[in-house]
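Notes to accompany the following structure.
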Amino acid sequence: MRRGHVLLFLAWVSILFYSGIWIFMSGFLLMRIELNNQSSCADLPSSGPQGPLQQHPGTCWLPRRFQKAVIIIIDALKYDFAKYEPGITNPKPYQNKLPVIHQLSTSQPRHARLYPFRADPPTTTMQRIKGMTTGSLPTFVDVGSNFASYAIQEDNLIHQLVENGRRVVFMGDDTWDGLFPKKFFKSYFFPSFNVKDLHTVDNGILQHLYPTRDSGDWDVIIAHFLGVDHCGHKHGPDHPETANKLAQMNQVISSLVEHLDEETLLLVAGDHGMTDTGDHGGDSEKEVMAALFLYSKSPLFSHELSKEAETVPQVNLVPTLSLLLGLPIPYSNLGAVMPDLFSWPKKESSVSAALTLASAVHINALQVGRFLHSYSLAAGDLPSDKLRDLKSLLSSLMSEYEQLISERSRGSWTESEYENRLRQHVLRVQRYLVQARAVCMESWARFHPLRMLAGCAILAATCLLCYLAAETGMALDLSCKFLLTYPLFGVVGAGALLAFGKWLSLIEWDCLSLWALVIAASQLTFFYSFRKQMQVRVRLRFRQLSLLFSGPCLILIFRCGSLFSDSFVVAEGHVAPFLLMSLLVLTIYKLHWDGRLTLPTLSPLGGDTTKLTLSTGYRKDGPILLALLGALTLCVRLSGIFHNCREETPDCHPSLFLAPLSNVKDPQLKNISYLGCIVCLVAIVYMVRKWLQHYGNLNSSSALVLYVRWGFPLIALAITCHWALSAGAEDSLARLRDLIQLALVACPRAVYGLAALGLVFLLWNPVTVFMKSSRDSDADNTVTTYSGAPGSQAELLHVIPQIYRKMQRTMKSRLRHGTDEEEENKGAAIEAYGLSSVYSAAMIVTLSLLTMVLLLLHSERITPAFLILLVEAFVILHIHSHVQNLYYAPDSSDQFSVPWYAVISWALAGTQWFYSTGHQPVFPAIHWNSAFVGFQEGHENNITPAVLVAANTFSAHILFSAGSSLLLLWPFLCETPGKKKKGKKEAEEMPLMEMRLRENPDKFAGALLQLGTKYLFIQGVQLLSCVCAAMILRRHLMVWKVFAPKFLFEAAGFTVSSVFLFLGIVLLLRVDSAVKSWFKSLILQQQR
């Protein structure tokens, strides 16, 4: 079979998986429908048959209370930052750093108040801005748009301000530019994504804030500061820089308060909070609890309020601000007005204040009722019974309100009784608003069951397809017709029929459903053609039962089943290493059970002699396997030190190694940590070079070998320089700061450039073989089988192993120092160093380059984890090679088949690597800092930071999928010499090692196909388990906290794994092609 067929088949299988993921996501992560309806002053919400609410003359829905507003958004201003704690003697860096809020709230209680401000998850900036301007509830899938903001189409506060002639001046986070393009009277946007930059945005705002305030050419100022949020991402809240930033914000608030007039409202708010590590995005209490501070020089409240302020949902800000500024409430708002701000201090009586509040909440209720009615007509996903109840409740409230208004005109009640009835009525309206919001929150977790089932079915069928291709092995017809023609025919035929039906309007389905049918047709054609191969089915029947009850299968079943438990998903970082150790222990025990490892036995008592009898296999491999298991156990235990924590495990404390060196305050500890990181990096480079030197792959003068000799140390030097500069950049002298910033950009980019150069050399000529001509002029010609150069491909394939064997005999005879003159005189004309490991050498060089680039994207103190995990991967490969060589002879065709236990253990090791490098499958645990390694000034596009963050997050998937071909190569590499009879003597036969891959190229291609489909099967069934868990448990309490993020990370990880698996096989085939060309040139050279 041609090598290109293998690649095309793997690409087709990957596309099937991608299609299943896409179709499932379209049914699982649906966004709610956004209505384009907009509120206006002339369109006061109506209650239906009772008629419209009486509009106040010359006003828009409600009289305008404030002429201007200054809105200060301090990103990640959690409530603990703003709350004053007077009894603390030793405050943390973030405590009591905003004293102006406490001072104003206590000295002027009717003018200022601090509220807990609860955000709706997900707590990312774009979703919070959307919630604070539209009053709507973003769905879970919106989190994916956080760094690629799309313009808000539904009605919002900014639109209402502009439509009603208000001059809005914005300054700060450029996220607003994407959400509200060309909406502002004046705007000063600054790049927001560089979380390492603490000052650019804030200093830019301060340059424009005070001049704008003093100019008077504005109605609303919005300033979005980012320093506190970036401080949390870079250092965490418990850091002196956080204190400095909060002190700066305190000064900003104080300055604004001094220059406000009585017709201006000051609003200071946080869009979300942050965890103890400075992250956000989830729904923990620390992430959702922000702060809201209101101040005006005119009284805000009619009387002094209770000491403890009630928590205010963020969406409540929209209707409150709209009515205070004399604007219509945005059409899609679900928030409720803040009642404290609408009991206006009327001079006439307290009844007037109660009437104002009642008018405000009724306008709010009618607006929400109108939205629910419009939305139910457009979407139809709100429960009809609850909608009827809400509509009935609103009608009764409107009737009650009209009755109260008429009773006031008749004077039926005293003022105190009437005020009490009004306030009771207001409480009932507020309960209606809370119920309406709850109904929407519950219903917008809506799904498309048919699409979810279709996605699951496609993923399950693709997993079965991979299993069939992997299990049948060499018995499978690997022809182009079988692998490609039938599936392609199914795709084209089904696509043509569906397109024709769509064109004739016979089919009304959407494009996604049509694509699902096309994918299903391609799978069915494969299964049909597969069914025709009788010999394959016979082999499958024989293997099915034994495989089902095997140790690897049981481990895989338990692994997939654990993904249905939220507690197991949370504890996956501990489960994966346990399963890995269990699988390898079971594998070695089975080796002993099968008689491959015989334990020492004693002769019977009473015998003449008592002595130990050991089998050859035990004597050679038993102690080695036990030592390897011990080393693996040690690596697993050590790698657990570098763990991160989830919010669901409050007793867990993140590893100190996750924090960068710049966060270490003790200079001595910082220096020791830095030296330790350098030692680990040097150890990684040393081990790689030592391995290449051991197998003879560092002897030639090729560009790749020279690059390994000199390029690897240069990359390590650039990485260590970057670590040193980033660790001490903030402590550097001001005059050197510009130079250091330049170096912080130059060093990582040098690493990127050198790594890219190494890959170019690798693809250009991956053969790291050193040829040395024999000094013996009478030596036999290397090509001994044919008198001339091979004339056909078959002859070349026959000659190549003969050449390699003759080289081995020559080398061996020379090492005997002339003990066998006849054999020495028959030496080959060429000696080749590194030929037996040429495939593995190319893969090791590639993985080393990837490792150093990925290491650069992580925190410096993660370097020991990389070293430990690389040693662990090396140990797993050696365990696999010993087991494989004990089961099968070197020349057996079974050596070309990588067993299931090896692929499963490799996948489990990749999962362990993910957790042992400080990652978790939740959004707050993403290492956003990696997007700016080498790009200190930010990015001009979204692709580069996305690639860097993805490389950091899925580094384990990249390395283990790209290096999966080592599972095939390593047993050949560790082949031991065999015995061969030569006359009456038994001579030792030198191992062919990786040259056995050249003996049978068809087996090699089939082995690559088997390995690729097995790896995709393992990753696919894990993905399928996450998909089924998310679908079955979609109404589970923890679905959006545990199962949905796990599914998204698993889907993204599968995509990355499949891509790099494909690239790894492409590289291996490139090496094979280069080796073939090398032998051709060698043969031609010898014929001259």
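Of note:
- L382 falls short on exactly one of the conditions (1) at pLDDT 85 or above; (2) over 30 Å from Y295 (Cα atoms), and that condition is (1).
- Residue within region 393-411 that is β-branched (V, I, T), surrounded by fewer than 19 Cβ atoms within 10 Å (Cβ to Cβ), modelled with pLDDT under 85 and not in a loop (DSSP other than H, G, I, E, B) present: yes
Per-residue answers, yes or no, for (1) without any contact (Cβ under 8 Å) to a residue 40 or more places away in the chain; (2) surrounded by 22 or more Cβ atoms within 10 Å (Cβ to Cβ); (3) in the same structural domain as M1038 (by the TED database):
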{"position": "P211", "(1), (2), (3)": "yes, no, no"}
{"position": "D229", "(1), (2), (3)": "no, yes, no"}
{"position": "G232", "(1), (2), (3)": "no, yes, no"}
{"position": "N250", "(1), (2), (3)": "no, no, no"}
{"position": "F293", "(1), (2), (3)": "no, yes, no"}
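- Residue list for region 836-892, filter: within 26 Å of L698 (Cβ to Cβ), touching an Asp or Glu at 6+ places or on another chain (Cβ under 9 Å) and hydrophobic (A, V, I, L, M, F, W, C): V838
- Scanning region 364-386 for residues that are in a helix (DSSP H, G or I) and within 35 Å of the chain's Cα centre (by Cα) turns up Y375, A378.
- Taking region 86-103 as the range and being open to solvent by 40 Å² or more (accessible area, probe 1.4 Å) and either touching a Gly at 6+ places or on another chain (Cβ under 9 Å) or under 18 Å from P240 (Cα atoms) (or both) as the test, the residues that pass are I88, T89, N90, P91, K92, K97, P99.
Every residue, every condition in (1) touching a residue at least 40 places away in the same chain (Cβ under 8 Å); (2) open to solvent by 30 Å² or more (accessible area, probe 1.4 Å); (3) more than 29 Å from V838 (Cα to Cα); (4) not in a helix (DSSP H, G or I), yes or no:
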| site | (1), (2), (3), (4) |
| --- | --- |
| K665 | no, yes, yes, yes |
| V688 | yes, no, no, no |
| N699 | yes, yes, no, yes |
| Y707 | yes, no, no, no |
| I719 | yes, no, no, no |
| L725 | no, yes, yes, no |
| Q741 | yes, yes, yes, no |
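- Residue check, S298 part of a helix (DSSP H, G or I) and either open to solvent by 10 Å² or more (accessible area, probe 1.4 Å) or not assigned by the TED database to the domain that holds T311 (or both): no
- Every residue from region 932-958 that is touching a residue at least 60 places away in the same chain (Cβ under 8 Å), in a loop (DSSP other than H, G, I, E, B) and not aliphatic (A, V, I, L, M): G934, F935, Q936, E937, G938, H939, N942, F954
- Single condition G380 does not satisfy, out of (1) open to solvent by 40 Å² or more (accessible area, probe 1.4 Å); (2) at negative phi; (3) out of contact with any Pro (no Cβ under 9 Å at 6 or more places or on another chain): (2)
- Single match in T106, T124 (criterion: within 27 Å of N244 (Cβ to Cβ), hydroxyl-bearing (S, T, Y) and surrounded by fewer than 23 Cβ atoms within 10 Å (Cβ to Cβ)): T106
- For L656: the one exception among (1) modelled with pLDDT of 80 or more; (2) under 30 Å from D283 (Cβ atoms); (3) open to solvent by less than 80 Å² (accessible area, probe 1.4 Å): (3)
- Put simply, of L206, L246 the only residue that is of a type in the set (A, V, I, L, M) and either surrounded by fewer than 19 Cβ atoms within 10 Å (Cβ to Cβ) or in a strand (DSSP E or B) (or both) is L206.
- Just one of (1) surrounded by fewer than 21 Cβ atoms within 10 Å (Cβ to Cβ); (2) at pLDDT 95 or above; (3) more than 13 Å from I684 (Cα to Cα) fails for L850. It is (3).
- Going through (1) modelled with pLDDT under 90; (2) open to solvent by 50 Å² or more (accessible area, probe 1.4 Å) one by one, G281 falls short only on (2).
The values are calculated or read from the model by the stated rules, or taken from the named source; none is laboratory data. Keep in mind that this is a model prediction, so the values were computed, not measured. Note that we place each Cβ from the backbone using ideal geometry, even for glycine, and neighbour counts take in every protein chain shown. We work out accessible area using only protein heavy atoms, side chains counted, and drop any ligands, DNA or RNA first. Shrake-Rupley method; radii C 1.70, N 1.55, O 1.52, S 1.80 Å.
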